[in-house]
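Worksheet: one structure, shown below.
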There are 2 protein chains.
Amino acid sequence: MLSTMQDAPLSIAHLLRHGSTVHGDAEVVTWTDSGPRRVSYAQVGRRCAALAHALRGLGVTGDERVATFMWNNSEHLEAYLTVPSMGAVLHTLNIRLFPEQLVHVANHAEDHVIIVDPSLIPLLAPQLPQLTTVKHVIVTGPSTAGLEAPAGVQVHAYEALITDQPEEFDWPEVDEHSAAAMCYTSGTTGDPKGVVYSHRSIYLHSMQVCMSDGPNLRQGDRALAVVPQFHAMSWGLPYAAFMIGASLLMPDRFLQPAPLAEFIAAERPTFAAAVPTIWQGLHLYLEQHPQDISSMREVLIGGAAVPPALMHAFEDEHNVSVLHAWGMTETSPLGSVARPPLDATGEEMWKYRYSQGRFPASVQARLVDDEGKVVPNDGASIGELQVRGPWITASYYGVDAADKFDDGWLRTGDVGTITSDGYLALSDRTKDIIKSGGEWISSVDLENAVMGHPAVAEAAVVGVPDEKWDERPLVAVVFREGSDATVADVQAFLADKVAKWQLPENWAVVQEVPKTSVGKFDKKRIRSDYHDGALSVTRL
Amino acid sequence: MLSTMQDAPLSIAHLLRHGSTVHGDAEVVTWTDSGPRRVSYAQVGRRCAALAHALRGLGVTGDERVATFMWNNSEHLEAYLTVPSMGAVLHTLNIRLFPEQLVHVANHAEDHVIIVDPSLIPLLAPQLPQLTTVKHVIVTGPSTAGLEAPAGVQVHAYEALITDQPEEFDWPEVDEHSAAAMCYTSGTTGDPKGVVYSHRSIYLHSMQVCMSDGPNLRQGDRALAVVPQFHAMSWGLPYAAFMIGASLLMPDRFLQPAPLAEFIAAERPTFAAAVPTIWQGLHLYLEQHPQDISSMREVLIGGAAVPPALMHAFEDEHNVSVLHAWGMTETSPLGSVARPPLDATGEEMWKYRYSQGRFPASVQARLVDDEGKVVPNDGASIGELQVRGPWITASYYGVDAADKFDDGWLRTGDVGTITSDGYLALSDRTKDIIKSGGEWISSVDLENAVMGHPAVAEAAVVGVPDEKWDERPLVAVVFREGSDATVADVQAFLADKVAKWQLPENWAVVQEVPKTSVGKFDKKRIRSDYHDGALSVTRL
């Protein structure tokens, strides 16, 4: 029996139409070195139509890819809305990729056009000759100064290109399952892999951003989107803002604490989103330069675990509520959001808020152990997190990665527990968990325990092969200068902090824990140093 | 280019799974003559599985229809969740239909099973022999007392039927476009017409109920669903509550002010939904029986225009915010919701709140005039409201009603204006609007103006044929007892209140305005009385 409901596809053009009419008075404010630059959503609507005509003129038809190499600003918002609405595919290039990665992803996606900010020309230009499919580069603003076009590439100034174009466009009807935008993961191993979002997935995700068990973005909010538009679609804020009628505050390249504080003072955001390091930096800055930032009702933090101390500092010192969330490029990215149960108070409430949060109805989650068995959501059983739902990826663009999926579920590579009421607590990455005698030991938990010793400056824990137990933990520990503590002291210190069978017997005192380019512990390096005999290991 | 997103259908089984696990501690509370009866969502999940097994045992396979003839209670919630989740179709029978209408819709939908509350057996039993497709009747509770089965029909007690059934069920995967539930409109003219909701439409609508520009139902809310489950799916509350983890408070047959007040005192709802007459009745009752009802953060009112006085009474006297909304069975039903812009204050804010509200991104709205031309959303141009979107019906079940649609848009039959920022203000029904010289005159506005005269007790306005202007208004006016005012006095009173060309010249003084069975002005009757010469008309 068929329903009588309308066959109305969920589409970005629909969000564009809605936001630029019903919420035409909302605005996108871009920070510049001379203060704010404002464009109303009604103007955005007209500029998007003009941009669509201009892109058609550059030969963008069908599902051709239009890439952006941009900061968060109003032109990037226009690209977000225009490119999918005209049926083409937006490709947000990560400006922080290594040059060879950038060349790989632009060629792999077959980008036809790249829109670039003037300030980013120096990063893009050296690679341009190797981008074999790019035919046009559009420089935002009035000029193309500073960009020499390689042979076969035309260069255009954004404002000149859209001037005199019609301010209405007959947006095509699209299949909601068709591609709207793509984003490559910044995986630390191997080439970045592309995730292709659909009109449907972006639309549904936008609804979740405005739901009471999600970020609950509201009409009239002023949303400060610090999280880059080239990182998992700026967590969906640009689309959700157009859906609900929230204004957008875009910091462009001014991500340092001082200009961010100035932006906040000038534009009074009510909501904001960024990774923990941004908020940590702002918090430290405000200690020296006090300022009221309590216009922000709530700040959404994800991308890495939030230190509880940071959450308390924001609440106690700034009267700003911190909302912890988990997600990844592959999940659009909203997975779980740490809103506590309404009746939780005190320590219990905080425990919920420290967690990675609860999954909404549209994201199914399960934990799977080493043998592929689903373990119970009891808050104790540990497994790899797998997720399923309408805005979770089922594959990667043009590469075979079957090992990243399990019977239709995405394997996240994260390890943790889920409570019976659906809250996720992550403890490790699958590649770092230590599998000892059929049990799992979290390397992160062990590191935190070791670093609790006053004489320890830092410590990293990896699994090393063991004949009896398969794997056992190895601790690479750095002692504070002047300390005369020994590894035996630290092991004794751990005795009442971790289970006896988890107590590490392999210790290596090092001068420094090796780090990756983004500052994380380089555990691959520690493992290879161990295997090469480059580490001097004490066995207790 | 295809997206890489998972093909995850939106389905009721998904809501059932989510609500009964992640929100297993939430509860449905049914009011009885001996106080509250509680079932946790975890229990609901197990009982739904048992009910599905029982229904399969009664031959419910494929898309067979399972009807309900029930009040709002926990068993009705179980039917809401179970029937669509097993792939069958829920048909909510309106217990207030005339007997011949009830027979028509049950036969038209080909109901196989009917679940009935014991208190409603007297209403259903006399019609049972005429329900030609019904094979099973299930009486909620432990007994079938009071129901004699006609030949060919088996009668079962709900509790006996689900006892000893397995508490898990392998819910099938469904196409999200397939039928989940159906509801017949209670149209005042002609046979009721069936609207068939899909899994997709119900799921998306549930998201909207939890969105910040919708009712914004929240996890932990205690939602008092006074609006019947047989009226436009209780405005989507049961499904949304399972999605977000809000508890449900179900009044069963206790809809009178006294037991409602008792229910509110005992169970402290934080949210509620009902038509204006329910709230009007409660308000009057509380004047005599004072009680704190401010546990309710917000009450959603729709189904008829809300008198501003009622809104103010709730806010000023009870500290309860009233949220006005517009919708119809054909729109699932959420159309517009009257949340004012964040920056509106004072009189301006109230004007937004009195309106029928703003349309969310998923409901497109336009106004179309008498000649089929779309008129602007400028807050002044009047037209018939037409809507489009993923939870708006495209047709009626098994009947041809092409005149109710216009190029894919639903013709609502409501007439009004829409502001440039998307707020709807309804002024009339299309069948009652008066078309005079190419312009539209709102019969409702004119009635309100006439009833503003102190000597007028009540007045109804209809259009009557006119050679020159096509139609002109006729006022049927009732003067207060003892008044010696004349129709000329009233017309003079109108002079500075309505445009000159709208001034009615046809007047009939009557003892009483004829009313329909639900208490509305019977304008059809007034028109036929006019044509039959039964009205004595004064022409000024």
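What net charge is computed for the residues neighbouring A:Ala50, neighbours being all others with C-beta under 15 Å from the C-beta of A:Ala50, Lys and Arg scored +1, Asp and Glu -1?
Computed value for this residue: -4.
Quick one: plug the Kirkwood hydrodynamic radius of chain B (C-alpha pairs) into Stokes-Einstein at 25 °C, 0.890 mPa s, and report D in µm²/s. It comes out at roughly 98 µm²/s.
Can you check what the net charge comes to around A:Val22, using other residues whose Cβ is under 14 Å from the Cβ of A:Val22 (Lys, Arg +1; Asp, Glu -1)? List each step's numbers first, then the result.
Working: positive: A:Arg17, B:Arg339, B:Arg358, B:Arg366; negative: A:Asp25, B:Asp213, B:Asp378, B:Asp421.
Result for the neighbourhood of A:Val22: 0.
Counting only lysines at least 8 places from B:Lys515 when in the same chain, those with an alpha carbon closer than 20 Å to its own are B:Lys431, B:Lys523, B:Lys524.
In the range B:71-203, one over the average inverse separation of all distinct C-alpha pairs is 15.8 Å, which is the Kirkwood hydrodynamic radius.
Measuring r between the beta carbons of A:Glu347 and A:Asp406 and using R0 = 45 Å, the FRET efficiency lands at 0.80. How far is helix B:12-21 tilted, in degrees, relative to the longest principal axis of the Cα atoms in chain B, given as a value from 0 to 90 rounded to the nearest 10? So the inclination is approximately 70 degrees.
Return the value, in Å² to the nearest 100, of accessible area buried between chains B and A (probe 1.4 Å, both sides summed).
Values: alone 23420 and 23440 Å², together 41550 Å².
Buried area (both sides, nearest 100 Å²): 5300 Å².
Looking at the protein assembly as shown alone, DSSP beta bridges between its own residues are antiparallel in about 60 percent of cases. Sorted from nearest, the other copies put their B:Phe98 label points 8.0 nm away, the label point being 7 Å from Cα in the direction of Cβ. In plain terms, if you count all Cα to Cα distances in the range A:434-539 and split them into 5 Å steps from zero, the share in each step is 2, 13, 25, 26, 21, 10, 3, 0 percent.
Debye sum, Cα scatterers, the protein assembly as shown, no solvent: what log₁₀ I/I(0) at q = 0.04 1/Å? For the requested q values the scattering log ratios are -0.24.
Ranked from shortest, the separations from the 7 Å Cα-to-Cβ label point of A:Asp407 to its equivalents in the other copies are 5.0 nm.
Taking amide H atoms as placed 1.01 Å from N in the peptide plane, the amide H of B:Ser321 lies under 5 Å from those of B:Glu298, B:Val299, each 5 or more residues away in sequence or on another chain. Counting only DSSP beta bridges with both residues in the range B:1-124, the antiparallel share comes to about 40 percent. Label sites at B:Val374 and B:Thr21, each approximated as a point 7 angstrom past Cα along Cα to Cβ, lie 4.4 nm apart. Once both axes come from the Cα atoms, what is the angle between helix A:523-532 and the longest principal axis of chain A, in degrees from 0 to 90, rounded to 10? The two axes meet at around 50 degrees. DSSP assigns beta bridges within chain A; of those with both partners inside it, close to 55 percent run antiparallel. One quarter of the convex hull surface built on the alpha carbon atoms of the range A:246-296 amounts to 3.4 nm², the projected area averaged over directions. For chain B, the relative contact order works out to 9 percent when only alpha carbon pairs closer than 8 Å and six or more residues apart are counted.
The mean number of partner chain beta-carbon atoms within 10 angstrom of a residue's beta-carbon across peptide A:8-17 is 3.
Kirkwood Rh over alpha-carbon pairs of the range B:1-46, then Stokes-Einstein at 10 °C and 1.306 mPa s: what D in µm² s⁻¹, rounded to an integer? Before the final figure, lay out each step's value.
Details: Rh = 12.7 Å.
Reported coefficient: 125 µm²/s.
When you restrict to C-alpha pairs under 8 Å that are six or more residues apart and normalise by the size of the range B:207-309, the relative contact order lands at 27 percent. The value obtained for the range B:135-277, namely the Cα convex hull volume divided by the number of residues, is 203 Å³ per residue. If you plug each phi of the range A:332-349 into the Karplus form 6.51 cos²θ - 1.76 cosθ + 1.60 with θ = phi - 60°, what whole-Hz ³J(HN,Hα) values come out, in order, with x for Gly and Pro? 3J(HN,Hα) across the range A:332-349, in whole Hz: 5, x, 5, x, 9, 9, 8, 8, x, x, 4, 8, 7, 9, x, 4, 4, 4.
Cross-link partners of A:Lys404 among aspartates and glutamates, defined as those whose alpha carbon lies under 14 angstrom from its own and excluding same-chain residues fewer than eight positions apart: A:Glu330, A:Glu384, A:Asp414. Figure legend: label point modelled 7 angstrom from the Cα of B:Lys515 along Cα→Cβ; residues of the range B:426-470 with amide N under 15 Å from it are B:457-460.
Ranked from shortest, the separations from the 7 Å Cα-to-Cβ label point of B:Ser528 to its equivalents in the other copies are 9.1 nm.
Computed over every Cα-Cα pair of the range A:8-164 and binned at 5 Å starting from 0, the pair-distance distribution P(r) comes out as 2, 9, 19, 22, 21, 14, 9, 4, 1, 0 percent.
Across q = 0.18, 0.21 Å⁻¹, the range B:198-303 modelled as identical point scatterers on its alpha-carbon atoms has Debye log10 I(q)/I(0) values of -0.83, -1.10, in the order of the q list. Using alpha-carbon pairs under 8 Å, 6+ residues apart, how would you state the relative contact order of the range A:12-248 in percent? Relative contact order for the range A:12-248 comes out at 23 percent. From the alpha carbon centroid of the range A:447-517 to that of the range B:30-74 is 56 Å. Against the main long axis of the alpha-carbon atoms of chain A, helix A:257-267 sits at an angle near 50°. Between A:Gln288 and A:Thr32, the FRET efficiency estimated from the beta carbon spacing at R0 = 30 angstrom works out to 0.75. Averaging the Cα positions of each part gives two centres, and for the range A:160-194 and the range B:101-177 these lie 51 Å apart. Straight-line cross-link reach from A:Lys468 at under 17 Å between alpha-carbon atoms covers these lysines, not counting any fewer than eight positions away in the same chain: A:Lys435, A:Lys500. Given R₀ = 60 Å, what would the calculated FRET efficiency be for A:Ala258 paired with B:Ala457, taking r from the Cβ atoms and rounding to 0.05? The value I calculate is 0.25. Cα-based radius of gyration for the range B:357-429, normalised by 2.2 N^0.38 Å, reads 1.08.
The values are calculated or read from the model by the stated rules, or taken from the named source; none is laboratory data. No experiment lies behind these values; they were computed from the predicted model shown. Quick reminder, even Gly has a Cβ in these numbers, built from the backbone with ideal geometry, and neighbours come from all protein chains shown. Side chains are part of the model used for accessible areas, which takes the heavy atoms of the whole protein and leaves out ligands, DNA and RNA. Shrake-Rupley method; radii C 1.70, N 1.55, O 1.52, S 1.80 Å.
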